[in-house]
Amino acid sequence: MAAYLTLKNINKIYPNGFHAVHNFNLEIQKGEFIIFVGPSGCGKSTTLRMIAGLEDISNGDFLIDGDRVNEKGPRERGIAMVFQSYALYPQMTVYDNLAFGLTLQGVDEDVIEGKVQNVAKILGLTDYLDRLPKALSGGQRQRVAVGRALIRKVGIFLMDEPLSNLDAKQRVTMRSEITQIHQRTGSTTIYVTHDQTEAMTMADRIVVMKEGYIQQVGSPYELYFNPVNVFVAGFIGEPPMNFASGVVKGGKIKIGENTVDLSKKLSAEQIKEYEGKEIVFGFRPEAVVLGEVEGAAVINASVELTELLGDNTNVYVDIQGVKSILKIDPHDTPETDIDIKFSIPQESIYLFDGETENVIK
Ligand code: ATP
């Protein structure tokens, strides 16, 4: 039932001439859960809407199960979509909201009843079928919206920021519910969000976009551990990766007043190539170890602020002018205003070309 999708060199140029999506290429496997992520305006909703058939594709080819569907309307594509504003019919019960699409299609009442009960069971809405939307919590309303899309039994399921109207706690619950629904239905799913945590926790593969261009496509693991550039490295992970720029001199760079030897990260040729050039040094807040560790990059810094979060503490430090965040064990929380030493293991150091911002491999 699930479909596979092919996006070949898809572009979107709006009538006002704005080029919102550039040469978007992606193969989506049957049953995959794909998340488009990126900051506001990067083109993720535009791409989703082109897939849905709600927006014309300016050029390129979009194929479902190998058939080009550029000219097909939304109904003919076998797609169901859940939007950010999941407006339910306020005067209709949950049952009627779920049944509405099928009733319009003239489906037999008994068949509708069976389908509504089934979807309600999957979504935990069985006890709420007689209620009006106003008597539901935000999360329950969201589930009804998902249910309306699910009931159509389509091969492709699209969701555009479906959790953005929920509070933080409901979002966490719905995240795992949507993942479970996906596992149960097996539909090919494309989900749009600007929230990297949603992307990391739910996706089989993430597509990171910026200003209309794909930056990287990969599993959450790949994006976290092997970001291709500064943008992806800074976008995935919370708090974000710390960066410091420096010019390479004699195979070393300075992070604040600390000298870091790059010879363990770069080959002799690379050190030669980058001599006198700027590189961006990156490390994740959670990768540091307090104190001095043999073989690691050791950094002196002063503590400006600490935030105890329970499972860890975020320590805001100043490395002689370079601001960074360290995520450490709460039991090791340092006092503010003191000087500390921390170490960054070699495998946790990322180096990027200062000009292209691409990772140096
Ligand atoms: P958000 O998270 O804010 O929804 P997005 O990544 O989904 O952002 P899109 O809605 O796809 O972004 O918009 C991409 C770009 O295209 C934006 O710069 C937007 O201003 C522009 N855009 C969207 N719709 C139109 C339109 N009808 N005409 C011209 N430009 C548009």
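When you go through (1) of a type outside the set (Ser, Thr, Tyr); (2) under 14 Å from Arg77 (Cα atoms); (3) over 20 Å from the mean Cα position of the chain (by Cα) one by one for Gly60, which number turns out not to apply?
Every listed condition holds for Gly60 apart from (2).
Among the numbered criteria (1) in a helix (DSSP H, G or I); (2) surrounded by 17 or more Cβ atoms within 10 Å (Cβ to Cβ), which single criterion is violated by Lys121?
(2)
If I ask for residues that are within 22 Å of Glu161 (Cβ to Cβ), open to solvent by less than 80 Å² (accessible area, probe 1.4 Å) and within 12 Å of the ligand (Cβ to nearest atom), which ones from the stretch 4-21 would you list?
Lys12, Tyr14, Ala20, Val21 - these are the residues of the stretch 4-21 that are within 22 Å of Glu161 (Cβ to Cβ), open to solvent by less than 80 Å² (accessible area, probe 1.4 Å) and within 12 Å of the ligand (Cβ to nearest atom).
For residues that are open to solvent by less than 30 Å² (accessible area, probe 1.4 Å) and more than 14 Å from Thr189 (Cβ to Cβ), scanning just the stretch 38-56, find the one that is farthest from the ligand (Cβ to nearest atom).
Gly53
So Lys134 passes all but one of these: (1) away from the ligand (no atom under 16 Å from the Cβ); (2) over 26 Å from Asp195 (Cβ atoms); (3) in a loop (DSSP other than H, G, I, E, B). Which condition number does it fail?
Looking at each condition in turn, Lys134 falls short on (3).
Give the residues of the stretch 330-354 that are assigned to a loop (DSSP other than H, G, I, E, B) and more than 19 Å from Lys254 (Cβ to Cβ), sorted by residue number.
Step one: of the stretch 330-354, the residues assigned to a loop (DSSP other than H, G, I, E, B) are 333-338, 345, 354.
Within the stretch 330-354, Thr333, Pro334, Glu335, Thr336, Asp337, Ile338, Pro345 qualify.
The values are calculated or read from the model by the stated rules, or taken from the named source; none is laboratory data. Only a predicted model underlies this, so the values are computations on that prediction, with no experimental measurement involved. Every residue, glycine as well, gets a Cβ built from its backbone with ideal geometry; the counts of neighbours run over all protein chains shown. Heads up: the accessible areas ignore ligands, DNA and RNA and are worked out on the full protein's heavy atoms, side chains in. Shrake-Rupley method; radii C 1.70, N 1.55, O 1.52, S 1.80 Å.
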